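Read-outs: derived from the displayed coordinates by stated rules, not from any lab. Because the structure is a prediction, the values reported are computed rather than measured. Quick reminder, even Gly has a Cβ in these numbers, built from the backbone with ideal geometry, and neighbours come from all protein chains shown.
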Amino acid sequence: MENSSLLPRLDAATNDITAELNRLREKLSPRGDMVSEAGKKKTQQVFGEPLAPQQVVERICRDVKERGLDAVLEYSQKLDAAEMTADQLRVPAEDLRAAHAVAAPEFLQTVRQIRDNVARFQEAILHRDVAVIPSSGVSLRQRYVPLRRVGICVPGGAAAYPSTVLMTVVPARAAGVDEIVVVAPPTANGANNPDVLAVCHELGVDEVYRVGGAQAVAALAYGVDRLAKVDKIVGPGNLFVALAKKLVFGEVDIDSIAGPSEVVVIADKTTEPHFAAADLLAQAEHAPGSCVLISWDVDVLNAIEACLVEQLAKLERADLTLPSLRDYSASILVTDEAEACRVTDLIAPEHLHIAIDDAQRLAPSIRNAGATFLGRFTPVALGDYIAGPSHVLPTGGTATWAAGLSSNDFLRSGSVIEYSEEALRDVAVHVARIADKEGLGAHRESIEIRVNPT
């Protein structure tokens, strides 16, 4: 069977796979300047000059920090064509109730099922206080305290994302966060979307604001009139949201600097080609989205790519999906299973689908993945929507050191230490020796004054 050429083909025997993957990753990173022509024209129109995305974000965040709510409303008008007054920034409680009241019962039933699944998992993995008594008179404790106030970014561009509300709010609720704030663009798919508002109401979120983009991140980070500062910002967004989160980190905590959605699918002769093709398209349709198909069997690659062509022709978002396949994706022919695992670790994908029989056999050989899906009946969409772990995951190769969002990300950890007088005397000489080595006499004296009072 001939290669359909829908996905760029890389052969590990003839291509420098590491270099090719680095080039692909660079295009998908915040440094890749992934802005559409329409976006570039909008930048020129709003700022009067062709600024780079980083420059746009720096200007917006600086303006919001200096001018507060006026800047937020101004950028909402210029970038989102949303004419709002200060009183219209927050979605009224009656709008949240009304959206919930008219929501289809079947939809709310699904929302509750997802909520329960996510809550069950997130509560099970939640860190608990740990107490250690290493010796008489010494008490050591690691304490976990929920953050007081967090902000959640919900996208609202080409599609509405009630699932993002569930996958962020429920873990925060599991951690015990007191105040949860949702921001979404003032669009039909964002803060004006009845399904998004219905889910917010179902989950008990009553602070929802009609603001998106870098101006939303800045408002959450610095605080403005009508929208108080938060302690942490989480949730996905476009390039400008990602860059804004990076900029305000340190002023507040953030979950990650997320890029486009990614999947690696590992396939062999046991893989159902139509299933694998559907899994690739499910990520590519995010537009942009990146999908990488890996196999040590060229006939398997060709069969899956043929199915990809067939399914793409029937896809509602085909025109948006095709550029993702051609520009940000690849099929890779490797020599064997071991090289498939090595290449996957190099990619460190957001989603990894080991789409072969006995998938558990390969899983231990792959260290780097945000979420791993095993076998033919575990498509990535389960993780996106209902399984339990959050779908907010590390992208752009950051799965080598980063993890997906969880309830534990909404906790602040701190140690609690207590010594009795006798226990202090037992270790005093050791503290004094180290203090002397470092030339910190006051450290030594804070011990001596207690154990050898004059």
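Some observations on this one:
- Nitroxide proxy distance, nm - points 7 Å out along Cα→Cβ at Asp116 and Leu315: 3.4
- Cβ charges +1 (Lys, Arg) and -1 (Asp, Glu), total dipole of the chain, debye: 1000
- The chain: relative contact order in percent, alpha carbon pairs under 8 Å with at least 6 residues between: 20
- The phi-based Karplus calculation (6.51 cos²θ - 1.76 cosθ + 1.60; θ = phi - 60°) puts the 3J(HN,Hα) values of segment 391-403 at 8, 7, 10, x, 10, x, x, 6, 5, 5, 9, 9, 10 Hz, whole numbers, x for Gly and Pro.
- Over every Cα atom in the chain, the radius of gyration and the widest Cα-Cα span, Dmax, amount to 25.4, 91 Å.
- With a cut-off of 14 Å between beta carbons, the residues surrounding Pro162 carry a summed charge of -2, where Lys and Arg count +1 and Asp and Glu -1.
- Antiparallel content of DSSP bridges confined to the chain, in %, to 5: 30
- Taking amide H as placed 1.01 Å from N in the peptide plane, the amide H of Ile233 sits under 5 Å from that of Gly151, Asp253, Ile254, Asp255, each at least 5 places away or on another chain.
- Loop-located chymotrypsin sites (Phe, Trp or Tyr not before Pro) in segment 288-390 (DSSP state other than H, G, I, E, B) with a sparse environment of at most 13 neighbouring Cβ atoms within 10 Å: Phe377.
- The value of relative contact order for segment 349-454, using C-alpha pairs under 8 Å at least six residues apart, is 20 percent.
- Under the simplified labelling scheme, the Glu179-Ala19 pair shows an inter-label distance of 5.4 nm, with each label point 7 Å from Cα along Cα→Cβ.
- Gyration tensor (alpha-carbon) shape descriptor, segment 132-275, a/c threshold 1.5: oblate
- In segment 274-328, trypsin sites (Lys or Arg not before Pro) in a DSSP loop with at most 16 other beta-carbon atoms within 10 Å: Lys314, Arg317
- Placing +1 on the Cβ of every Lys and Arg and -1 on the Cβ of every Asp and Glu, with nothing else charged, gives segment 241-392 a dipole about its Cα centre of roughly 220 debye.
- For segment 49-135, GluC sites (Glu not before Pro) are listed when DSSP marks them as loop and at most 12 other Cβ atoms sit within 10 Å of their Cβ; the list is Glu83.
- Charge tally around Ala277: other residues with Cβ under 10 Å, Lys/Arg +1 each, Asp/Glu -1 each, net -4.
- Residue-wise HN-Hα couplings along segment 137-144, as the Karplus relation 6.51 cos²θ - 1.76 cosθ + 1.60 with θ = phi - 60° gives them from phi, are x, 10, 10, 10, 9, 9, 10, 10 Hz; Gly and Pro carry x.
- Taking a sphere under 13 Å around the Cβ of Arg141 and counting the other residues whose Cβ falls inside, with K and R at +1 and D and E at -1, yields a net charge of 0.
- Computed from backbone phi, the HN-Hα couplings of segment 405-417 come to 4, 8, 4, 5, 6, 9, 10, 10, 9, x, 9, 10, 10 Hz, rounded to whole numbers (Karplus: 6.51 cos²θ - 1.76 cosθ + 1.60, θ = phi - 60°; Gly and Pro given as x).
- For Glu262, the residues whose amide H sits under 5 Å from its own are Ser290, Glu350, His351, ignoring neighbours fewer than 5 places away on the same chain, with H placed 1.01 Å from N.
- Cα gyration tensor, segment 237-380 - rounded (a/c under 1.5), prolate or oblate: oblate
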